[in-house]
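Reading through the structure tokens given below for one structure.
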Amino acid sequence: MNNQIKLAVAAALLAAASSANAGIIIPAGDWTLDIGGIVNTYYTSTRSSGTAVTGGLSGGTAASGISNTSSNITTGLLPNYLTVSGKTRQNDLDVAFTISINPGSSTENGGIQTSNQENRQAFLTVGDASWGSFKLGKDLGIFASDAILNDMTLLGVGSGAGVLAGNTTTLGRIGTGFIYADWKSQIAYSTPNFNGFSATAGVTQSWDALATGASSAVSTAGTRGGASPAFEGKASYAWTGDVAGKVWVSGITQNVEKLTGISGSQRAEAYDIGANVNVAGLGLTAYYYDGSGMGTTIQLRDGFDSAGNKRDSNGGYVQATYALPTATKIGVSWGVSNLDKTSAETASALVSKNEMWTVGAYHPLTKHLNLVAEYSDVKSTAQTNVQAKAQTVSLGAILFF
């Protein structure tokens with residue numbers, strides 16, 4: 001199984017509900033191939049109420065006081081994965097590659113199967129244990145990557161089950177505690193591990209910005225943009241023992257130029273800090289981020305108003321998990337993502353806060369198969385204090401191979 005999946009499994013389960021094992025190992029001449037992946041599916045029931053909030057994560061309905069319920073059978077926060085990795089040693093260099101395809105578990109239309117499919121990873125690495133390694137290609141972004149890898153809903157559903165349609169994933173805690181690291185084209189360098197300390201720095205694909213609900217003056221988020229790339233970096237220190245853990249910091253900065261109809265450019269930037277501590281079956285995680293022009297939920301989304309002014313944003317989450325004698329891991333977490341209006345704006349329907357409580361249980365039925373039960377309560381608040389709410393119950397399973 002490739003390194004990002006291993007990190008995700010190890011972080012989310014905290015070495016209790018499952019383990020990050022290699023997939024199917026195949027010697028192939030000078031190469032060693034590793035075929036692995038994930039299959040997960042959940043039944044979800046989401047009850048939405050309140051008035052819909054622009055940029056909110058709670059759904060909502062057309063009128064206050066009315067509620068509705070949506071039931072789906074869908075992929076969770078993680079997509080299904082089929083990943084092929086290979087590694088070899090040539091000319092005193094460690095050379096490796098990873099390619100993945102990511103089909104979903106959900107269907108959208110009767111008689112017509114959706115063609116949506118993600119391809120999240122396609123990268124190569126080259127390096128040596130003595131001086132580090134370079135990565136070239138598409139993989140998980142650098143900024144906020146540890147936030148999502150330590151989120152317990154990584155193995156479950158979190159928010160978004162009632163409002164996302166088609167062959168897609170749910171949101172977990174994305175947008176209710178951290179900004180999505182995303183899967184980004186990049187050229188990055190990682191240091192060797194110096195007794196627990198490591199660092200990564202890279203140039204990554206830059207995005208255009210989007211001012212949802214403001215006007216068409218700002219371009220669509222998520223499309224390629226800018227004459228220069230984004231710059232991202234992170235540093236971490238991990239330790240082992242009876243009290244084990246990890247602390248990390250990361251940051252991102254990028255020039256935003258494609259503000260339609262607005263001259264000049266702006267710089268979007270953000271930083272974060274987090275820590276995870278594990279002792280005697282108890283796991284504690286705390287995380288905080290702060291940004292300017294970086295928006296909320298997705299990088300650059302709602303980061304600017306219609307005049308091109310930067311909006312400030314911040315948030316974070318706290319989480320506690322405990323491994324029972326049965327090996328079942330139970331957990332509770334709370335997080336919030338805040339988005340401020342600029343001094344030039346008046347209160348509008350745009351979101352000011354997305355907040356979520358989650359409780360979950362993750363049980364290893366076998367070495368590779370885990371049963372998952374979660375309850376998430378999401379509340380979205382607009383700048384006008386209008387609110388939308390959503391409560392989601394999810395039951396399902398996730399298999400790693």
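The values are calculated or read from the model by the stated rules, or taken from the named source; none is laboratory data. Here the structure is a predicted model, which means the values were calculated and not measured. Reconstructed Cβ throughout: ideal geometry from the backbone, glycine too, with neighbour counts over all protein chains shown.
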Checklist entry - Is at least one residue of segment 268-277 surrounded by 15 or more Cβ atoms within 10 Å (Cβ to Cβ), closer than 24 Å to residue 195 by Cβ, modelled with pLDDT of 95 or more and among the charged types (D, E, K, R)? => result yes
Item to check | Of all residues making up segment 68-84, the number that are assigned to a strand (DSSP E or B), within 30 Å of residue 31 (Cβ to Cβ) and out of contact with any Leu (no Cβ under 7 Å at 6 or more places or on another chain) | outcome: 3
Checklist entry - Within the bounds of segment 109-119, is there any residue that is of a type in the set (D, E, K, R) and either modelled with pLDDT of 85 or more or outside any strand (DSSP E or B) (or both)? => result no
Item to check | Residue list for segment 289-310, restricted to those being surrounded by fewer than 22 Cβ atoms within 10 Å (Cβ to Cβ), modelled with pLDDT under 95 and over 16 Å from residue 172 (Cα atoms) | outcome: 305, 306, 307, 309, 310
Item to check | Subset of segment 374-388 [in a strand (DSSP E or B) and crowded, with 18+ Cβ neighbours inside 10 Å] | outcome: 374, 376, 378, 379, 380, 381, 382, 387, 388
Checklist outcome for this item: Selection over segment 356-373 where residues are within 30 Å of residue 51 (Cα to Cα) and crowded, with 22+ Cβ neighbours inside 10 Å yields a count of 3
Item to check | Test for residue 143: is it in a strand (DSSP E or B) and modelled with pLDDT of 95 or more | outcome: no
Item to check | All positions within segment 389-401 that are buried (at least 24 other Cβ atoms within 10 Å of the Cβ) and within 15 Å of residue 74 (Cα to Cα) | outcome: 392, 394, 398
Checklist entry - Of the residues that sit in segment 52-67 and are at pLDDT below 85 and assigned to a strand (DSSP E or B), which one is nearest to residue 349 (Cα to Cα)? => result 61
Checklist entry - Can you tell which of 316, 308 is of a type outside the set (D, E, K, R) and assigned to a strand (DSSP E or B)? => result 316
Next on the checklist: For segment 345-365, give me each residue that is within 23 Å of residue 74 (Cβ to Cβ) and among the hydroxyl-bearing types (Ser, Thr, Tyr).
Outcome noted: 358, 362
Item to check | Complete set of residues in segment 117-143 that are closer than 14 Å to residue 188 by Cα and among the charged types (D, E, K, R) | outcome: 135, 138, 139
Next on the checklist: Among the residues that make up segment 320-338, is at least one of them under 17 Å from residue 296 (Cα atoms) and surrounded by 21 or more Cβ atoms within 10 Å (Cβ to Cβ)?
Outcome noted: yes
Checklist entry - Within segment 6-51, how many residues turn out to be of a type in the set (Ser, Thr, Tyr), surrounded by fewer than 18 Cβ atoms within 10 Å (Cβ to Cβ) and modelled with pLDDT under 90? => result 1
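Does residue 397 satisfy being out of contact with any Cys (no Cβ under 8 Å at 6 or more places or on another chain) and closer than 30 Å to residue 280 by Cβ?
yes
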Item to check | residue 351 part of a strand (DSSP E or B), more than 30 Å from residue 25 (Cβ to Cβ) and of a type in the set (Val, Ile, Thr) | outcome: yes
Checklist entry - Which of the residues that make up segment 26-57 are free of Cβ contacts under 8 Å to residues at least 60 places away in the same chain and on the phi > 0 side of the Ramachandran plot? => result 29
Next on the checklist: Which numbered condition in (1) modelled with pLDDT under 95; (2) under 27 Å from residue 248 (Cβ atoms); (3) hydrophobic (A, V, I, L, M, F, W, C) is the only one that residue 350 fails?
Outcome noted: (2)
